[in-house]
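J.: Starting off with a structure, shown below.
The values are calculated or read from the model by the stated rules, or taken from the named source; none is laboratory data. Keep in mind it's a predicted model, so treat the numbers as computed, not measured. Note: ideal-geometry Cβ built from the backbone for every residue, glycine included; neighbour counts use all protein chains shown. For accessibility, only protein heavy atoms count, side chains too; no ligands or nucleic acids. Shrake-Rupley method; radii C 1.70, N 1.55, O 1.52, S 1.80 Å.
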Amino acid sequence: MKLGVFGPQGSGKTTIAMLFARHLQAKDEQIKIYTNINASGKNLITISDLAEIPFQDNQPKIFILDEAMFSIDSRNSNSKQNKVWTKALALFRKSDIVLAMFVTHTPSMLDVRIRDQLDYVIMARKNKTHFDY
């Protein structure tokens with residue numbers, strides 16, 4: 001499954017992505033979370049490159065790309081980097097990645113080839129008193 005999480009700064013996008021990942025992980029403790037979020041915890045691996053994910057180990061994984069607009073910017077749709085990401089996303093479904101989440105401000109900031117492959121979208125609104133999804 002591929003999920004986009006969108007909303008303004010401070011709206012809780014990263015929080016809901018991590019909570020969702022942790023909820024799935026609680027149901028199956030073997031699931032590892034691979035992310036560029038600087039966080040720690042059980043079976044959470046901080047990565048800086050896709051090559052750091054072991055795709056051939058037959059273990060279930062969750063992938064979270066925070067601030068995704070820096071890696072797959074819609075303004076660079078013909079770039080080599082965006083083409084690599086498009087291929088990687090297509091391979092995710094054939095690998096052990098059970099969930100891939102892309103977190104950024106607005107859908108228009110992501111390359112259209114990534115947006116078109118999203119199965120679900122969570123929209124976050126900024127609210128001073130609570131998270132609003």
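J.: Let me spell it out: the conditions are (1) more than 19 Å from D119 (Cβ to Cβ); (2) over 13 Å from the mean Cα position of the chain (by Cα); (3) touching a residue at least 40 places away in the same chain (Cβ under 8 Å), and N76 meets all of them except one. Which number is the exception?
T.: Condition (3) is where N76 drops out.
J.: Continuing with the same structure: Specify the residue that is modelled with the highest pLDDT; the eligible residues are those in region 82-133 that are assigned to a loop (DSSP other than H, G, I, E, B), among the polar types (S, T, N, Q) and open to solvent by 40 Å² or more (accessible area, probe 1.4 Å).
T.: As a first pass, look at region 82-133 and keep what is assigned to a loop (DSSP other than H, G, I, E, B): 93-96, 105-106, 111, 116-119, 124, 126-131, 133.
Okay, now just the ones that are also among the polar types (S, T, N, Q), so 95, 106, 117, 127, 129.
Imposing the further condition that a residue be open to solvent by 40 Å² or more (accessible area, probe 1.4 Å) reduces the set to 106, 117, 127, 129.
Numbers: T106: 93, Q117: 88, N127: 87, T129: 88.
Step by step, filter region 82-133, then rank; the result is T106.
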